[in-house]
1. Extending each Cα 7 Å along its Cβ direction at A429 and D303, get the distance between those two points in nm, one decimal.
2. Residue by residue through segment 108-124, which ³J(HN,Hα) values in whole Hz follow from phi under the Karplus form 6.51 cos²θ - 1.76 cosθ + 1.60 (θ = phi - 60°), with glycine and proline marked x?
3. Give me the aspartates and glutamates in straight-line cross-link reach of K487: C-alpha distance below 13 Å, same-chain residues under 8 apart excluded.
4. Tell me which residues come under 5 Å, amide H to amide H, from Q310 once H is placed; ignore anything under 5 positions away on its chain.
5. Just grab the label-to-label distance for E461 and D346, each label 7 Å out from Cα along the Cβ direction, in nm (one decimal).
6. What are the equivalent ellipsoid semi-axes of segment 479-550, built from the alpha-carbon gyration tensor (square roots of five times its eigenvalues), in whole angstrom, biggest first?
7. K623: which aspartates and glutamates have alpha carbons under 14 Å from its alpha carbon, excluding same-chain residues fewer than 8 sequence positions away?
8. Give the calculated FRET efficiency between N292 and E261 to the nearest 0.05, with a Förster radius of 22 Å applied to their Cβ-Cβ distance.
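Read-outs: derived from the displayed coordinates by stated rules, not from any lab. Just so it is clear, the structure is predicted and the values come from calculations on it, not from any experiment. Here the Cβ is made from the backbone with ideal geometry for all residues, glycine too, and neighbour counts use every protein chain on show.
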Amino acid sequence: MTDTTAEETVAHGGAVGGRRRRGRFDVEIEQLLKTRTGAAADTVAELCSVLEQIHRVSCGEVRIAVSGAVSSLKSTTVELLLGRPGLLAIDEGAITPAPTEVRLAQVDDPVPPRQWICTMTESTARRRAVALLGLPPETDLSLAELAGTGGDNDALVAQLVAATSAFDYGATYSAEEFARRGGVLRIDGFGTALVERVVVELAVPRAEWDLSWAGRRAVTVVDLPGTGKGRALENLINEQRSAVAHIALNVVGLAAGNDFEAPPAHAMSACVLVATRLDSLGSPGDPAVLHNLESAVATTVRDWQVSGRQAEVAAVCGPWACASAEQWARFSPNAEAWVSAERARDQWTRAPWTPTGPTRGALREAVSEALFDGGTRRLRELVERLAARSGGRVDEAELTRLMDRAARLVGVLRDNRSATRTEDWAVHARLVRLRGDQTPIDRMRRLARRAAEDAVYGMGEWDRLRPLFLTGRWSGSVPRTRSAFEKVGLAEVAAAAIDVSHEALEDLLDEWGADYGLSLSPPAFDEDRARAEAARFGELGARLLSMMTDGRFGGDSGDALTLRWVARTRLELATLLEGLLVHRMAPSITAAWAEADVALAELVAKATPASSGVGTLRMVERKLDELRRERSRGGR
């Protein structure tokens, strides 16, 4: 387990009334974390997370979700709202990999922000995998088993499994520790698939933004990953997180004019359409272009206003928020963006607005504010206004859901006393060593590389090519060589490598388990999947061989081969096969790791429960009952 302290965990409670106050369950969370060992560790971590959420929601949290398509400048919008350039990762393309919760706390003097990366519990990770694969919620398979079921998002589930080799379930890491373990907090970066959320604790000086409008409520701004076609994980996260937001900043890039697709409005969130990329719109001086754009914005806002939902319009532009090119350089290294934005500023200043446009002047006012200060002032005013309209409202439905979930988790822990048992320290030492042991992963990768190289470099066709280069120049026939390679049974080559690597994997796991005094289950072997993967390698490998003999590697006419082309082809084939073998064996390593962890944890847990753990659970139940009574009386 990671060295997460109780202080670190409760520190994520957010700010109430702009300042952090002690949470309702802080003492219980601190006590529960002391019992976070053995098979129930995952459940304990999940309960602590739920209790912390209950505290924030019961205080009347203002949750502001920022959503939009990939590259719509969501993170830029968050930085302009908070007045903190450089707070988030900003670049071209998909950057935001997981929900980033920026929790605001009012202070008098600025202090550096703190960042934490929180991973999912095992049960949460399994539920996400089930949803990604489109399986029924009641599917009873482990995460490793789910990774082998196939489907469009099987690669995403495989990334989840791979991340568990370096990161614990339900853990909290500093940014430095996450990076030290190999984590890369970017789309498709290692470890990112297991990240539930990134928490940034941001101190906001009163002189920069007075948060008194929040009253006693916590304020959290959530930067969500960009959505779009083919982004299954990001789309799922947005759907889940946007549904519990109080204010939704739906960011829309207007570079293509009225041809945009706005994010859907979830539940009853108050919505703000935040127009971005104004400086990339081609012809804001064309009355027709401007009218069509405003009509599209008006249509979107009207759609959001269905069922009484509040909807407003804002606009932001990063370069326009800067007074000079030097100031913009501190925000972004893209100097050309400043130059083009200045040209666009002049065009927008002279835009031919009509007195009563489709948005009744809302878009015109939003653009004018963006021209003035990048749009920060208007965006904050809209957030404050929408938050004030909701008053001190507590999301009763979300609070009830969380309290029911906490009660179920408490019941599970009370039935399973392993979370509150004393430990056998001799076995515990083995358990600690196991959880930091990278040996099976390293040996598995070496095994895959050796099996792939033996299989590819051992193909007899390479030996028949060698005499054709004896003079130093090619002396063979390319068409004849192509015909010979087309007859190579690459699928059979891959199938043989799969068999060899599986036998070696069995020996690897036997030796590794014996080192911990355990007899582990042999790795599963799915013959149908093995045949399908071998056939896939055959298809991809045939393309590589075809490229070698038609000149595409060298860019020539294809009437001769070179040793360099041949060597590159062999390397590409071996690398491709190595990746296939690693993908096949990784779930078995993960399953063996999980089996060993459970076995040692069961040895650690003794029969006599520690009464302090049970007492803490009873206190949690008592406080949940008190909170229910408060809500039924209409109190806070």
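1. 6.4 nm
2. 8, 10, x, 9, x, x, 10, 10, 10, 10, 10, 8, 6, 6, 4, 5, 5
3. Result set, ordered by chain and number: E461, E539.
4. It is C271, by chain and number.
5. 6.2 nm
6. Semi-axis lengths for segment 479-550 are 36, 12, 8 Å.
7. Cα-Cα hits under 14 Å: D26, E28, E52, D404.
8. Once rounded, the FRET efficiency stands at 0.90.
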